[in-house]
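**Student:** Next up is a structure, given as structure tokens.
Please treat every number below as a calculation from the coordinates, not as lab data. Every value quoted in this text rests on a predicted model; they were computed, and no experiment measured them. As a convention, Cβ positions derive from the backbone with ideal geometry for all residues, glycine included, and neighbour counts pool all protein chains shown.
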């Protein structure tokens, strides 16, 4: 079929569809703001509106419930107006608060129908509702007749600020005024709520229990009144008259019929009438502004008949609604069928011309798509498998990389503390105390290296399947007590509660003593490492003879672990990122492997900041062990590798507080106490040493003391060393201080990374103390040479502003410093205090900063600038000596002359007469 014929067919189809389209009726949107939808009377009003709207399918109905909140109702009315409604229906919660927004809508030309309660003005289009004054008056007349003109009456009113409550009360008062024998003994505000009415009636019951009748202004408060008298079990029950006259099984007509209350006054909801009036307004038909609904008394004389009528009406209404629903469903089916007919007709016409081509294309596309789908699924599957393998390999690689990085750090620190003392023995002091201290440090760190090597060997044996249990029967209680002896000095020193808790005096268990020694040594070491001073560590041993098991728990009150860290605690090479102490990542996995070899179980439970509990379960007896796993003789614990770690082999260094008279101060940031004390001891004879055990305290010490040089370890418990250097170099107070990084990470990329953050030297462990000393001396000497050259040869900040040896932050600081002095040069009040405030540093910090960068103090520099400026003025100006002194900020000509001559060796007068032949410094 040609393209032209296709276009003709499409045009015919379009005409067919558009030509059969019915003319639509005008569309309207009505917004309804209800004061509350929580009571049955209000819900009946809404149902009445919906029943009437069923005859107007062209209307869109927007409903908002204010829940008895006037402020909320105002906001909802504004929101309905903003949506572009054609008419607004309002049932006010309170007259006064709602009036302004209703008036505003009416004055803007939006029709407003007020239902049930009036507003405080007449600015509305129409009102639909009962005459509340007449309701109250009718109630009063009926009560007067019911009580035969004599009796005590209690009135339960609605919300005091609502117009229905006021009108009903006033009408009621007028009616009973005609009966002198009727006395209104109490008026109680129930706020239209059953709960509130019950509470207030109960609270005042003693004063109203002698009443003959209670008049409640709505049905729920009437029901509340009935329940109060029923709960008090007083007979005869007080007579009760309500208002609303609602139909249905829960309405007050039913309540009258069931003799719960004596009478009620019909107060029509006006839902249907409100919609009828609204449609008259929207369709520009005549309407009545004030639509007052009639009231009537319903009591035992007519309640049964009215109930039957209302029940019949409700039943008929339900039938009508069901029929309307069926009609709507049939109409939808008809419209759908009509649309389908049009579409099918058009598709049939088009399919005649395009069917063959479409069928052929469909088959071809299905075949191609099937092949592409199969290939795509295959590719996706391969990609996902490769991605999973790559992620697993990456995770394993990263874990092993972290392991070897940390084990390298573990090796390099002891090596530093071995080689450093050896270097000191070869080149340093030779007194007996010095030698003994160094030998103790060498011994301790050699044992540390041996322990690390043994741990690696155990790991290799487990990987190769060459680690076997050699179990014998031993007393577990005695074994644990012997193991605890090594930790008790540490617990005592740190004021920790460390004890064994068990009801058993002894317990024979088959185990490999060497393996269990390593297991519980590791668990206790971790407990001490992650528990603060004054904490507690308990070992609990219990025997479960019924299940033939023994449980050993190591419980601490330390920092704990997160759920993720606890789940991965026994994973080989895994190390938590949040822990403040680093290790090899082998201890816990090896411990679990040892317990598994014993056919036992090892578990961990922990919460952050709540402590950690490791539970080891072993089987009693020896039936679970093979013959190869049992040895006849008891094997003693191999104490060398483990207990050597707990011996207090650290030397007691003769550390002394360096006197402040020493010209150079060095801040030492190192978390390893032995290395920190060793370096402090090594450098203290030459420099004043400021020690810090972590990054954050180190930063605070640097900001407070402004040292001449900083030595910082890269791996710190709280802040990474590179972050510490970055913070120092980005802070104006410390940006000029040279930094030496100590690290076990020796790769070229890591050294470059250290230099990029601004460190002057990246020194890898193990390092020579002689190299460290010479590096410190060289850095400080070179810094001093740079300061001396630019200060004494040029006496100027200007050359420093382009000197590559000065950081950009320091260059900016010097530029700002010079700018402030130049701007205030003529001010005699220019002082260090003023400069400190302007720059944002303390007086001491500014002195030290200028001393480090310029080699002099601030006052000397200010005076040099003033004198150099005076030379320029004396050369080109005809001003007097006194005027020049004033221009450069000297308080008197005499002081200026004295300072000038002291600086240049000539008086200002002689210099001016020589016309500047004297060469002066230029700032």
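**Student:** Would you please state the base-10 log of I(q)/I(0) at q = 0.12, 0.19, 0.20, 0.25 1/Å for segment 256-342, with intensities from the Debye formula using one equal scatterer on every alpha carbon?
**Tutor:** Taken in order of the listed q values, log10 I(q)/I(0) reads -0.67, -1.01, -1.03, -1.13.
**Student:** Mind checking the full-extension length gain between residue 785 and residue 913? Use 0.36 nm per residue of separation minus the Cα-Cα distance, one decimal, nm.
**Tutor:** Roughly 42.3 nm would be gained on extension.
**Student:** Could you state the orientation-averaged shadow area of the convex hull built on the Cα atoms of segment 464-516, in nm² to one decimal?
**Tutor:** Over every viewing direction, the Cα hull of segment 464-516 projects on average to 5.1 nm².
**Student:** As an exercise, take the mean of 1/r over every pair of distinct alpha carbons in segment 45-96, invert it, and state the Kirkwood radius in angstroms.
**Tutor:** 12.3 Å
**Student:** For a protection proxy built on the mean count of beta-carbon atoms within 10 angstrom, sort 768-774, 733-739 highest first, please.
**Tutor:** Top to bottom by mean Cβ count within 10 Å: 733-739, 768-774.
**Student:** Now for a separate question. What is the gain in length, in nm to one decimal, between residue 500 and residue 280 on full extension, counting 0.36 nm per residue of separation less the C-alpha to C-alpha distance? Write down the numbers at each step before the final one.
**Tutor:** Values: separation 220, 0.36 × 220 = 79.20 nm, distance 9.20 nm.
Gain on stretching residue 500 to residue 280: 70.0 nm.
**Student:** Also: As an exercise, use a Förster radius of 30 Å and the Cβ-Cβ distance of residue 187 and residue 71 to find the FRET efficiency, rounded to the nearest 0.05.
**Tutor:** 0.65
**Student:** For residue 857 and residue 493, what does the FRET efficiency come to when R0 = 35 Å and r is the distance between their Cβ atoms, rounded to the nearest 0.05?
**Tutor:** Working: r = 47 Å, r/R0 = 1.35.
E between residue 857 and residue 493, to the nearest 0.05, is 0.15.
**Student:** Please give, to one decimal in nm, the separation of the simple spin-label points placed at residue 343 and residue 54, each 7 Å out from Cα toward the Cβ.
**Tutor:** The answer from the label model is 3.0 nm.
**Student:** Calculate the translational D of segment 665-792 in whole µm² s⁻¹ from Stokes-Einstein, where the hydrodynamic radius comes from the Kirkwood formula applied to all Cα pairs, the temperature is 10 °C and the viscosity 1.306 mPa s.
**Tutor:** 108 µm²/s
**Student:** Moving to a separate point now. Using R₀ = 56 Å, calculate the FRET efficiency as 1/(1 + (r/R₀)^6) where r is the Cβ-Cβ separation of residue 778 and residue 374; round to 0.05. Walk me through the numbers on the way to the answer.
**Tutor:** Numbers: r = 71 Å, r/R0 = 1.26.
Given R0 = 56 Å and the Cβ-Cβ separation, E is 0.20.
**Student:** Provide, in order from the shortest bin, the percent of all Cα-Cα pairs of segment 811-913 in each 5 Å bin, continuing until the bin that contains the maximum pair distance.
**Tutor:** Histogramming segment 811-913 at 5 Å steps yields 2, 13, 23, 22, 15, 13, 9, 3, 0 percent.
**Student:** Express in nm, to one decimal, how much length is gained between residue 148 and residue 838 on full extension, taking 0.36 nm for each residue of separation and deducting their alpha carbon distance.
**Tutor:** Extra length from residue 148 to residue 838 when fully extended: 239.0 nm.
**Student:** Once you place label points 7 Å from the Cα toward the Cβ at residue 250 and residue 753, how far apart are they in nm?
**Tutor:** It is 6.9 nm.
**Student:** Moving to a separate point now. Describe numerically, in nm with one decimal, the distance between label points set 7 Å from Cα along Cα→Cβ at residue 599 and at residue 290.
**Tutor:** Here the modelled spin labels are 10.2 nm apart.
**Student:** Turning to a different aspect of this structure: Provide, for q = 0.13, 0.21 Å⁻¹, the log10 of I(q)/I(0) from a solvent-free Debye sum over equal Cα point scatterers in segment 28-127.
**Tutor:** Here log10 of I(q) over I(0) equals -0.40, -1.08.
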